[in-house]
Amino acid sequence: MGKIKQISSLQNPLVKKIVSLKEKSRERKKTGLFILEGLRELQLALIGKIHIETLLFQPNLIAEDKALNLLQEQGTNTETIAVTTEVYQKLAYRETTEGLIAIAKSKSCTLNELSLPANPLVLVAEAPEKPGNIGALLRTADAANVDAVIIANPKTDLYNPNTIRSSVGCVFTNTIATGSSSEIITFLKKNNISIFCAALSASKNYTHIDFKRASAIVVGTESTGLSHEWLENSHQNIIIPMQGAIDSMNVSVSAGILIFEAKRQRGF
């Protein structure tokens, strides 16, 4: 670890940089950097082999030696900076983050880099718009330990602070790839992965489907569902029978029901 610096001014260039990374997707994409905060998120990021470039800590909330010890396993030099309460309050996205904020390097999430085990179970989400929904899907996928989450035509970047927060750090623990719907469909077919689309039409009860084979469970947005491109390439459309007045549920709830049925069939 290098010598610990201190920041007390809200006008410090690094403070301005962090604010920009928090608020602007364009800045995150241009720099390949993002902001995370909180002890749990930092620990999960390190487990997920996310490189931490700079760690800021507020000494009144976390001891210096504890902050430094968190990064020992990373094995590379990380700039460590103590910040005042005023600076921390300016930068923190929420109040209960144990005095830790980090600048981290984002991972590439292309399909070409996606490696799957034999007989995989994959969750595909088409065009999720709300960071909260993406985070909830990632949390569900982590709970079920699916082999990969693939996001088609993403409307927001994975490292949006709301996505990180709502995923409770599961954006770092899942194997994730992104691509266009066409690219993902080609990838799934090339790898002999059956496509099961959650849809209202031409569908079978999800409990009547054999998920023990290599499977991709595909979910769409709550407002419009899946596009025709997915439905035309579906091996079989699947449905969760509704017993009330409405015909759909929150996308992460639906995904959880379908994924855990697949896991049940697989003996987990």
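The values are calculated or read from the model by the stated rules, or taken from the named source; none is laboratory data. Just so it is clear, the model here is predicted, and its values are computed rather than measured. Glycine gets a Cβ as well: all are built from the backbone with ideal geometry, and neighbour counts include every protein chain shown. Ligands, DNA and RNA are stripped out before the accessible areas are found, and what is left, the full protein with its side chains, is counted by its heavy atoms. Shrake-Rupley method; radii C 1.70, N 1.55, O 1.52, S 1.80 Å.
Here region 14-63 exposes an accessible surface that is 51 percent carbon and sulfur, computed with a 1.4 Å probe and the other protein chains kept in place.
To the nearest ten degrees, helix 251-265 and the longest principal axis of the Cα atoms of the chain are 70 degrees apart. In terms of accessible area, using a 1.4 Å probe and ignoring ligands and nucleic acids, HIS51, HIS228, HIS235 rank largest first as HIS228, HIS235, HIS51. With all protein chains in place and ligands, DNA and RNA left out, the 1.4 Å accessible area ranks GLU95, GLU222 as GLU95, GLU222, largest first. Expressed as a whole percent, the accessible surface of region 177-222 that belongs to carbon and sulfur atoms is 48, based on a 1.4 Å probe. Here the sum of -39500 (n - 2.57) over DSSP H runs of 4 or more residues, divided by the residues of the chain, equals -9500 deg cm²/dmol at 222 nm, to the nearest 500.
Taking every alpha-carbon pair under 8 Å whose residues sit at least 6 apart, the chain reaches a relative contact order of 19 percent. Please list the non-local residues whose amide H lies under 5 Å from the amide H of ALA177, H modeled 1.01 Å from N, same-chain partners needing a gap of 5 or more. Answer set, sorted by chain and number: VAL149, ILE150, ILE151.
For region 1-93, the solvent-accessible area of protein heavy atoms averages 56 Å² per residue (probe radius 1.4 Å; ligands and nucleic acids excluded). Taking every alpha-carbon pair under 8 Å whose residues sit at least 6 apart, region 187-252 reaches a relative contact order of 44 percent. When the C-alpha to C-alpha distance is required to be over 18 Å, the pairs from LYS90/LYS130; LYS29/LYS90; LYS16/LYS49; LYS29/LYS107 that qualify are LYS90/LYS130; LYS29/LYS90; LYS16/LYS49.
Order of 190-201, 210-221 by packing, highest average Cβ count within 10 Å first?
Packing order, densest peptide first, comes out as 210-221, 190-201.
In whole Å, how far is the Cα centre of region 77-123 from that of region 145-204? About 19 Å separates the Cα centre of region 77-123 from the one of region 145-204.
Partners of LYS66 within straight-line reach, counting lysines whose Cα lies under 17 Å from its Cα and excluding those fewer than 8 residues away in the same chain: LYS3, LYS5. Per-residue SASA remark: LYS17, around 80 Å² accessible (1.4 Å probe; ligands, DNA and RNA not included). So which lysines can LYS212 reach, going by Cα to Cα under 20 Å and dropping same-chain residues fewer than 8 places off? Result set, ordered by chain and number: LYS189, LYS190, LYS204, LYS263.
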